[in-house]
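What follows is one structure encoded as structure tokens, with my remarks underneath.
No value in this document is a laboratory result; all are computed from the given coordinates. Since the structure is predicted, the reported quantities are computational estimates derived from the model, not experimental observations. Virtual Cβ from ideal backbone geometry, glycine too; neighbours counted across all protein chains shown.
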Amino acid sequence: MSFLHKTVFITGASRGIGKAIGLKLAAAGANIVIAAKSTTENPKLGGTIYSAAEEMEKAGGKALAIQCDIREEEQVGSAIDKAVEKFGGIDIIVNNASAISLTDTTSTDLKKYDLMQDINARGTFLVSKYGIPHLKKSTNAHILTLSPPINLNPQWLEPHTAYTVSKYSMSMITLGLSAELKKYNIAANTLWPKTTIATAAVKNLLGGEALMNMSRKPEIVADAAFYILAKNAAECTGHHFIDEEVLRAEGVTDFDGYAVIPGGPLFGDLFL
């Protein structure tokens, strides 16, 4: 599928994996809608919706920056409407925005629990819900959600039950949508990295520079997303994709270029 003039609505696209996916698709001529909260730069995180939009346009696409808290129904509905008004429709939704707290049950503050449920589960549901009427009008519509394959082995729940439940909720919503929307030829899939990815979350919340140096760059997820979203939506739905497996299926064999430190040790991501 050509991405030329296709409109891609990406949550949390001001930085990290969401921005990398936007840049990859913008380089192929897509219109990128950056739906995120950051309008002023946080030195620890970097990037705003406006700086991301500027990068998308420099990459070759068109961009629309929309300040949007995906927990708020009115803001999501408004963001979808603005995207359609600007570009004439929506062809792809990427549910990337996510909150994380790797804490055990007694250490998880209820505000943090609610934040993860509201952004990860509710936000994914809400953005998909408002986007579906427009996806139905597309010739090759996709919903791609950045969440893991569902594995009910307790080892994935024990260390951080609240976070796991919120991420599995994203995956369950996606599986439900894949069945619900199949008759409309709208694909719904998830994508998850095999290793940790060098993002602000990994640096600030998980493992600092040491873990960053054992991670891959966000571009590996973006390249995998590119291949998934290029597939025929009628024939590619209901899958839990892993970035490296997607690329291997496309003939990629050398992954050193994706590593922060080529040839160095890599740290496996959560849930795999």
Connecting every pair of Cα atoms under 10 Å apart in the chain and solving the GNM, the largest mean-square fluctuation among Thr164, Thr105, Thr174 falls on Thr105
A correct fewest-to-most ranking of His142, His160, His5, His239 by other Cβ atoms within 10 Å would be His5, His239, His160, His142
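With N residues in region 71-157, what two-decimal value do you get for its Cα radius of gyration over 2.2 N^0.38 Å?
Numbers: Rg = 15.7 Å, N = 87, 2.2 N^0.38 = 12.0 Å.
That works out to 1.31 for region 71-157.
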Applied in sequence order to region 57-65, the curve 6.51 cos²θ - 1.76 cosθ + 1.60 (Karplus, θ = phi - 60°) yields integer Hz couplings, x standing for Gly and Pro, of 6, 5, 6, x, x, 10, 9, 9, 8
When the chain is treated as a Gaussian network with springs between alpha carbons less than 10 Å apart, the largest mean-square fluctuation among Ala30, Ala79, Ala99 is found at Ala99
Distance in nm between Asn153 and Asn232 label points, each 7 Å along Cα→Cβ, equals 3.5
Taking a crude spin-label model, label points 7 Å out from Cα along the C-beta direction, the Leu45 to Asp114 distance in nm is 1.9
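Taking 0.36 nm per intervening residue step and subtracting the Cα-Cα distance, what contour gain separates Leu211 from Ile261 on full extension?
Working: separation 50, 0.36 × 50 = 18.00 nm, distance 1.10 nm.
Taking Leu211 through Ile261 to full extension adds about 16.9 nm, to one decimal.
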Each label sits 7 Å from Cα toward the beta-carbon; between Lys129 and His5 the label points are separated, in nm, by 3.3
Neighbour-count ranking for Leu144, Leu102, Leu266, Leu23 (other C-beta within 10 angstrom, fewest to most) reads Leu102, Leu266, Leu23, Leu144
Long-range amide H partners of Asn95, meaning residues 5 or more apart or on another chain whose placed amide H is closer than 5 Å, are Leu144, Thr145, Leu146
Under Stokes-Einstein, region 36-100 at 4 °C and 1.567 mPa s, with its Kirkwood radius over C-alpha pairs, diffuses with a coefficient in µm²/s of 99
Taking R0 as 45 Å and r as the Cβ-Cβ distance between Ser107 and Glu180, the FRET efficiency 1/(1 + (r/R0)^6), rounded to the nearest 0.05, comes to 0.80
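Could you give the length gained by full extension between Thr161 and Lys58, i.e. 0.36 nm per residue of separation minus their alpha carbon distance, to one decimal place? Numbers along the way, then the final one.
Numbers: separation 103, 0.36 × 103 = 37.08 nm, distance 4.11 nm.
Result for the pair: 33.0 nm of gain on full extension.
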In whole angstrom, largest first, the equivalent ellipsoid semi-axes that the Cα gyration tensor gives for region 7-258 are 25, 21, 20
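At a threshold of 8 angstrom on Cα-Cα distance, excluding pairs fewer than six apart, so keeping six or more, what relative contact order does the chain reach in percent? It would help to have the intermediate numbers written out before the result.
Values: 561 pairs, mean separation 48.6, N = 272.
About 18 percent, as a whole number.
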Dipole check, the chain, charges on Cβ (K,R +1; D,E -1), about Cα centroid: among Leu270, Met56, Phe87 the Cα furthest to the positive pole belongs to Phe87
Any lysines whose Cα falls less than 20 Å from that of Lys129, other than same-chain ones fewer than 8 residues away, would be Lys6, Lys37, Lys82, Lys86, Lys137, Lys167, Lys182, Lys183
Over all pairs of different Cα atoms in region 1-117, the reciprocal of the mean inverse distance gives a Kirkwood radius in Å of 14.7
Looking only at aspartates and glutamates whose Cα falls under 20 Å of Lys24's and that sit 8 or more positions away or on another chain, we get Glu54, Glu55, Glu57, Asp91, Glu219, Asp223, Asp243, Glu244, Glu245, Glu250, Asp254, Asp256
